[in-house]
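Asks: Starting off with a structure, shown below.
The values are calculated or read from the model by the stated rules, or taken from the named source; none is laboratory data. The structure presented is a predicted model; accordingly, all values stated were derived computationally and were not measured. Virtual Cβ from ideal backbone geometry, glycine too; neighbours counted across all protein chains shown. What goes into the accessible areas is simple: the full protein's heavy atoms, side chains included, and nothing from ligands, DNA or RNA. Shrake-Rupley method; radii C 1.70, N 1.55, O 1.52, S 1.80 Å.
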Amino acid sequence: MTVVDVKTVRKIADMAAVFIEEKDLEAYAAQLNTIMEHMGKIMDLDTGDQEPMEHILPVKNVFRDDEVTNKNIKDELLKNASVKEDGYFKVPTVVE
Amino acid sequence: MNYDIVIGLEIHSELKTSSKIFCGCKNEFGGEPNTRCCPVCLGMPGTLPALNKRVLEYAIKAGLAMNCRIAGFSKFDRKNYFYPDMPKAYQVTQHSLPICYDGYVDIDVGYETKRIGIERIHIEEDAGKLIHSSTGQGSLIDYNRSGVPLIEIVTKPDLNSPEEAKILLETIKTILEYTEVSDCKMQEGSLRADVNLSLRPIGSNTPGVRTEMKNLNSFRAVQRAAQAEAERQARVLDSGQKVYKETRRWDDHKGESLPMRDKEEVMDYRCFPEPDLPPVYVDEDFINEIQASIPELPGMRRERYINQYGIPKYDAGLITQNKVLADIFEKASEVCGNPKLVSNWIMTEIMKRMNEEGEGILHSYLNGDNFGQILLFLDKGDITHAAAIQVIDVLLETGEEPIVIVERLNLRVQRDESLVANTIKQVVNSNPQALDDYISGKKKAFGFFMGKIMAELKGRGDPSQVKEILTKELQRYL
Amino acid sequence: MSICKKTVTETAELLRTRKISADELVKEYFDEIKKKNPDINAYVTICEDEAIKAAEAAQKIMDSNNDVPYLCGIPMTLKDNICTKNIKTTCASKMLEDFLPPYSATVYKKLLDSGTVLLGKLNMDEFAMGNSSEHSIFGAVHNPWNTAFVAGGSSGGSAASVASNLAAFALGSDTGGGIRQPASFCGVVGLKPTYGLVSRYGLIAFASSLEQIGIISKDITDCGIIMNVITGHDPMDSTSIKRPAEDYSEGLGKNIDGIKIALPKELFGSELEKEVGNVINDTLKRLESRGAVLSDCSLPTIENAIHAYYIISSSEASSNLARYDGIRYGHRNERAENISDLYRKSRTEGFGQETKRRILLGTYALSAEHQDELYKKALKVRNIITREFRNAFDEYDIIAAPVSPVTAFKLQENLNNPLKMYLKDVYTVAANLAGLPAVSIPCGKDKKGLPIGIQLIGKPFSEKLLLNVGKQIEMEAGRLEII
């Protein structure tokens, strides 16, 4: 049974904001399908009324006090951005 | 056809904590771009969130003030989508288990009280801001707002008119201000609402398809957008077409809304538990502690004003709608001892100024104490009505104490009987025509003399005293 | 014997007794690195100038101060997904090729505070996704025992650098075996601590709920000494645990009489190579002769651990790696005409094939359509596996298993078959799902002369016991050294 086909790859690639070239789509689909077929075996396991485990630690209520501890380090933060303008990060025009 | 309007609101309110939700950056509006940021709120690789405890407290406080149940167990999730103002490409929010749920808020619609259900209140983080480049090319991002704590209040679809939607938003704003969890500055975007609206043919039970209008940041916009959308949906339905479930953007200038995204595209946010934040357990003690810190809320305060101060329900409602104003009322009443006078002056002189200049006046030199002192002068007859207004004007400019203004400008009422009597005599003598008129029965002349005398006394005469002596003086000629 | 072959303990003694100065020591290491690294490709960044300065500073402290930290002047190195302020941190990805973090990982700060000297940053699988250290823009890491073979992964550079004496010790990260498996392939000690014991702040996230920073060292004692430095609560990591400090280096090698060791049959399955199995069994027998009590046991659901692991890790990865959009840092496509083009092109060019594959897998598993049957199902399985471990630990002290069903495989051998590659993680992923500490200890070699490691898994925070039993194995098998 095919679970991941070319159409699925196109859709999830779009969701993940990556681009898969037309010529590679088949190969990706085939590989992902093989992997998902195998990993999908998990679906056959009877987990009864088991709760999903969301946190492995018995840790809860971890808080920080409401204190301002950071200084302005704008220049350091902008250092890794390749395109910037007047202290802002810059992107192509965003139309909403 | 005629339709029932069904509206629910999603209200986003920034919490006024000192620092951001997950890092020690300052939570403050504005500032030079990207100066209130750090690796954490910029989502840099390897950084992790640490929850600000006050965010949790404020969210619970808001929830209690809206009669919500508080979840003993709640947690955070990631909501994944790409947008350049969101540095991690996911928003940390409470998707599956919100901190508050199942509450209500009572609103006054005309003379009726209506109960609006609150579905949930959850905690989440705000995103940065996009602006257009001054070069005309490209968009610029300022992440100062990224990581500012928010609560999202989701109401049940219990609202049935655009006006009710507006009133609910006003009511919730007041509650948030009273509980001091948000400063609700709508012009700064710290309180904004999404309107979910659908129509249902009158008598029908089947809910209609709803649309969502995003980011409305004034009461007027909420009411107008809801009105326009209700009319648009009615036109669509009347013409036999279908309303699509979609997100629309309201243009307040044009007074119309347009669809934001492609109708076909349904967002899949792939929400899942945030692995970097442990769950939150809240116990009774913690809730009780917060409950005890909640001040008297507007509804209760209004009732108290009616009973304790005997002011009209309408006045009490308007005054308590604004916490700062209500605080001023209460302090001023205490200082001057005449709540009805204070309430009258708020309803006229203060409201007038608020309408003309906005709420700034409530955060100016004027406060309950000095306002009360001014009205006390007035109430004792030490200054006139006109002088009281003059004192307020000067106070707003200079911030001087009322007594200082009164003395400096020599505004105290002139009660020296011989001086007043002499002035009256002089005015009567130097206006023979008016005196003749008065003698011949033209009562209007009395008013003329009053005006002249008050002017001569530079507005400082005590009208009742002047009236009394003037009547006696004129009596002599009859 | 070259000074670089010495353990941390031995090197610290030489420094303390002034047999060598910290700056001389560091220079020795750089000579060694220059000689061997071209063949091994463990280092992707070498910080020679900074290291020499740091070593001189360390020497000054040792010369002038009586209260000198034990690790002062010890040359060490870090996997390149651990952030080092103003030193490139690339995750072996084109995406972060030029990334200079304006902050340091908590573990790095702790190591600096204890006087260690950073020699450089280490090669790995891109974003720690892989078990061969071949998925790297800097090229594959080669196994120091035989350069035609892989070093394992994803912390291949960490294991290879320590095995070939290019650092006294290294830190790596373990998401599904990323420390233990390369340690096993390279014949060194690798420890993945209990989830929450070591701060993750500054570790570039792949799968947040599974990964921990851990240690690769030449021997067990070194591992304990370094644990003393890197563990501890960190307010910057909300999943880090508050608990009293322990001395992990104290009492190693003490009597293991009556220690109950369980051997789950599911971790000795048909995929286990005979030669590896024999060496493991032989090692276990020797532990028995030292007083340990061996028993067979069963952890039935552990057979699904690999499925749950790949679903959960890829899901989290798809979210953790969404932030790489080219805007604030990282590779950016300069020709993008609109915002969605910018995302797509930057991410497509910046991520390697394996990384993209995992992102797609995770996006699929989290999508509304499949989330319940895949992601949530995997969380349920995770719960069951954790419970099965807990039950086993009611009865036994330690679970022993192979680290990998195979020894190091040839470079390129599995590159075109991702599933086959994934399945080699069968023995290591369960400890990550359950958040348990696990250590890999060299215990022999196969006929090709490639190292074999045995894995010990313990209950939460039982690192000391694991190291003590590990010490017994080390005493039996001896350190594996490349001649």
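Asks: Could you tell me the number of lysine pairs in the range B:296-408 with C-alpha atoms less than 20 Å from each other, where the two lysines are 8 or more residues apart or belong to different chains?
Replies: Close lysine pairs under the 20 Å cut-off: 11.
Asks: Next up: Starting from the range B:330-375, pick out the chymotrypsin sites (Phe, Trp or Tyr not before Pro) whose DSSP state is loop and whose Cβ has at most 16 other Cβ atoms within 10 Å. It would help to have the intermediate numbers written out before the result.
Replies: Details: sites: B:TRP345, B:TYR365, B:PHE371; in loops: B:TYR365.
The qualifying sites are B:TYR365.
Asks: Related question: If DNA, RNA and ligands are ignored and the probe is 1.4 Å, what is the ranking of A:HIS38, B:HIS253, B:HIS122 by accessible area, most exposed first?
Replies: Values: A:HIS38 35, B:HIS253 180, B:HIS122 15 Å².
Result of the area sort, largest leading: B:HIS253, A:HIS38, B:HIS122.
Asks: To make sure I understand the rule: partners must be lysines, Cα under 18 Å from the Cα of B:LYS442, and not fewer than 8 residues away in the same chain. Which ones qualify?
Replies: Straight-distance partners of B:LYS442: B:LYS452, B:LYS467, B:LYS472.
Asks: To the nearest 20 debye, what is the magnitude of the charge dipole of chain C about its Cα centre, counting +1 on the Cβ of each Lys and Arg and -1 on the Cβ of each Asp and Glu? If you can, show how the numbers build up before the last one.
Replies: Working: 57 positive and 60 negative charges, 56 e Å.
The dipole of chain C has a size of about 260 debye.
Asks: Once R0 is set to 56 Å, what does the formula 1/(1 + (r/R0)^6) return for the Cβ-Cβ distance between B:ASN431 and A:ASP86, expressed as a FRET efficiency to the nearest 0.05? The partial results should precede the final answer.
Replies: Numbers: r = 71 Å, r/R0 = 1.27.
Computed FRET efficiency for B:ASN431 and A:ASP86: 0.20.
Asks: If I model chain C as equal point scatterers sitting on the Cα atoms and use the Debye formula, what is log10 I(q)/I(0) at q = 0.06, 0.11, 0.12 Å⁻¹?
Replies: These q points yield log10 I(q)/I(0) values of -0.24, -0.83, -1.00.
Asks: In sequence order, what are the phi-derived ³J(HN,Hα) couplings for the range C:334-341 according to the Karplus relation 6.51 cos²θ - 1.76 cosθ + 1.60 with θ = phi - 60°, rounded to whole Hz, with x for glycine and proline?
Replies: Here the 3J(HN,Hα) series is 7, 9, 4, 9, 9, 5, 6, 5 Hz.
Asks: Calculate for chain B the 222 nm mean residue ellipticity that helices alone would give, adding -39,500 (n - 2.57) per DSSP H run of length 4 or more and normalising by residue count, nearest 500 deg cm²/dmol. Don't skip to the end; give the middle numbers.
Replies: On the way: 16 runs with 182 residues, N = 478.
Value at 222 nm, helices only: -11500 deg cm²/dmol.
Asks: Karplus couplings for the range C:296-306 from phi (6.51 cos²θ - 1.76 cosθ + 1.60, θ = phi - 60°), rounded to Hz, Gly and Pro as x?
Replies: Per-residue couplings from phi come out as 7, 8, 9, 10, x, 7, 4, 5, 8, 4, 4 Hz.
Asks: Nearest 5 is fine: what % of DSSP beta bridges in the protein assembly as shown come out antiparallel, could you say?
Replies: Details: 94 of 114 bridges.
Counting only bridges with both partners in the protein assembly as shown, antiparallel ones make up about 80 percent.
Asks: Assuming R0 = 22 Å, what is the FRET efficiency of B:GLU163 and B:ASP238, from their Cβ-Cβ distance, to the nearest 0.05? Walk me through the numbers on the way to the answer.
Replies: Values: r = 22 Å, r/R0 = 1.02.
FRET efficiency, B:GLU163 to B:ASP238: 0.45.
Asks: Using all alpha carbons of the protein assembly as shown, what is the percent of pairwise distances in each 20 Å bin, ordered from the shortest bin to the longest?
Replies: 12, 35, 27, 15, 7, 3, 1
Asks: Between B:ARG408 and B:LYS444, what FRET efficiency follows from the Cβ-Cβ distance if R0 is 45 Å, with the result rounded to 0.05? Display every interim value, and only then the final one.
Replies: Values: r = 36 Å, r/R0 = 0.81.
The computed FRET efficiency comes out at 0.80.
Asks: Moving on. With label points built 7 Å along Cα→Cβ from the Cα atoms of C:ASP282 and A:GLU37, find their separation and express it in nm.
Replies: Between C:ASP282 and A:GLU37, the label points sit 4.0 nm apart.
Asks: Now, a different point. Counting only pairs 8 or more residues apart or on different chains, how many lysine pairs in the range C:347-483 have their Cα atoms under 17 Å apart?
Replies: 5
Asks: Rounded, prolate or oblate for chain A? Axes are the square roots of the Cα gyration tensor eigenvalues, ordered a ≥ b ≥ c, and the cut-off for rounded is a/c under 1.5.
Replies: Details: a/c = 3.71, a/b = 1.31, b/c = 2.84.
Oblate is the answer for chain A, as a/c is 1.5 or above yet b/c matches or exceeds a/b.
Asks: Using only Cα atoms, locate the centre of the range C:127-176 and the centre of the range C:366-398, then give the distance between them in Å, rounded to an integer.
Replies: 29 Å
Asks: Below 8 Å between Cα atoms, with a sequence gap of 6+, how large is the relative contact order for chain C in percent? Show your work: numbers first, answer last.
Replies: Details: 1141 pairs, mean separation 82.1, N = 483.
Dividing the mean separation by the residue count of chain C yields 17 percent.
Asks: Pairing the Cα long axis of helix B:219-238 with the longest principal axis of chain B, what angle in degrees results, from 0 to 90 and rounded to the nearest 10?
Replies: It works out to around 60 degrees.
Asks: So who's got an amide H within less than 5 Å of the one on B:ASP77, skipping anything under 5 residues away but keeping other chains? H placed 1.01 Å off N, in plane.
Replies: B:THR93, B:GLN94, B:HIS95, B:GLU274
Asks: What is the magnitude of the charge dipole of the protein assembly as shown about its Cα centre, with +1 placed on the Cβ of each Lys and Arg, -1 on the Cβ of each Asp and Glu, and no other charges, expressed in debye to the nearest 20?
Replies: On the way: 129 positive and 151 negative charges, 112 e Å.
Charge dipole of the protein assembly as shown: 540 debye, to the nearest 20.
Asks: Please name whichever of B:ILE5, B:THR171, B:LEU140 sits farthest to the positive end of the charge dipole of the range B:3-286, dipole taken about the Cα centre and charges placed at Cβ: Lys and Arg +1, Asp and Glu -1.
Replies: So the residue we want is B:LEU140.
Asks: Between C:VAL293 and residues 5 or more places away or on another chain, which pairs have amide H atoms under 5 Å apart, with H built 1.01 Å from N, and which residues are they?
Replies: Placed amide hydrogens put C:GLY258, C:ILE259, C:LYS260, C:ILE261 under 5 Å from C:VAL293.
Asks: Are there residues in the range C:369-418 whose accessible area shrinks by at least 50 Å² when all protein chains are included rather than the chain by itself, and which are they (probe 1.4 Å, ligands and nucleic acids not counted)?
Replies: C:LYS377, C:LEU379, C:LYS380, C:ASN383
Asks: Now, a different point. Show the residues, 5+ positions off or on another chain, whose built amide H is closer than 5 Å to the amide H of B:MET260.
Replies: B:THR247, B:ARG248, B:ARG249
Asks: What is the range B:251-324 by shape, rounded, prolate or oblate, if you read a ≥ b ≥ c off the alpha carbon gyration tensor as root eigenvalues and call it rounded for a/c under 1.5, prolate for a/b larger than b/c, and oblate otherwise? Let's see the in-between values first.
Replies: Working: a/c = 5.14, a/b = 1.35, b/c = 3.81.
Here the range B:251-324 falls in the oblate category.
Asks: Given the options B:ALA62, C:THR239, A:ILE12, identify the residue whose Cα lies farthest towards the positive end of the charge dipole of the protein assembly as shown (+1 on Cβ of Lys, Arg; -1 on Cβ of Asp, Glu).
Replies: Working it through, the farthest residue towards the positive pole turns out to be A:ILE12.
Asks: Right, another one. Name the aspartates and glutamates eligible as straight-distance cross-link partners of C:LYS27: C-alpha to C-alpha under 15 Å, and not fewer than 8 places from it in the same chain.
Replies: C:GLU48, C:ASP49, C:GLU50, C:GLU56
Asks: So in chain C, what percent of DSSP beta bridges are antiparallel if you round to the nearest 5? Working shown, then result.
Replies: Details: 32 of 46 bridges.
Bridges in chain C are about 70 percent antiparallel.
Asks: Under 21 Å Cα-Cα from B:LYS156, which lysines qualify once same-chain neighbours fewer than 8 residues away are excluded?
Replies: Those lysines meeting the cut-off are B:LYS61, B:LYS114, B:LYS166, B:LYS173, B:LYS214, B:LYS245.
Asks: Please work out whether chain B counts as rounded, prolate or oblate from its C-alpha gyration tensor, where a ≥ b ≥ c are the square roots of the eigenvalues and a/c under 1.5 means rounded, while otherwise a/b larger than b/c means prolate and anything else oblate? Let's see the in-between values first.
Replies: On the way: a/c = 2.55, a/b = 2.08, b/c = 1.22.
Taking the square roots of the gyration eigenvalues as a ≥ b ≥ c, chain B is prolate.
Asks: Roughly how many nanometres apart are two label points built 7 Å out from the Cα toward the Cβ at B:LEU396 and B:ARG304?
Replies: 2.9 nm
Asks: Points 7 angstrom from Cα along the Cβ direction at A:ASP65 and B:THR113: gap in nanometres?
Replies: 4.2 nm
Asks: Give the relative contact order (percent, whole number) for chain B; include only Cα pairs under 8 Å separated by 6+ residues. Show your work: numbers first, answer last.
Replies: Values: 845 pairs, mean separation 65.1, N = 478.
It comes to 14 percent, rounded to a whole number.
Asks: Now a separate question. Would you mind working out the magnitude of the charge dipole of the range C:339-483 relative to its Cα centre, with +1 at each Lys and Arg C-beta and -1 at each Asp and Glu C-beta, to the nearest 20 Debye?
Replies: Roughly 360 debye for the range C:339-483.
Asks: To test your reading of the geometry: what angle, between 0 and 90 degrees and rounded to tens, separates the Cα axis of helix B:463-475 from the longest principal axis of chain B?
Replies: Approximately 30 degrees, to the nearest 10.
Asks: Residues in the range B:321-359, backbone N under 17 Å from the label point at B:ASP379 (7 Å along the Cα-to-beta-carbon vector): list them, ranges by number please.
Replies: Correct set: B:326-350.
Asks: Let me ask you something else. Taking the DSSP beta bridges in the range C:154-298 as the whole, what percent of them are antiparallel, to the nearest 5?
Replies: Details: 10 of 15 bridges.
The antiparallel proportion sits near 65 percent.
Asks: Any idea how many Lys pairs in the range C:69-221 come in under 13 angstrom at the alpha carbon, given 8 or more places apart or on separate chains? Don't skip to the end; give the middle numbers.
Replies: Numbers: C:LYS79/C:LYS88; C:LYS79/C:LYS121; C:LYS85/C:LYS109; C:LYS85/C:LYS121; C:LYS88/C:LYS121.
So the count works out to 5.
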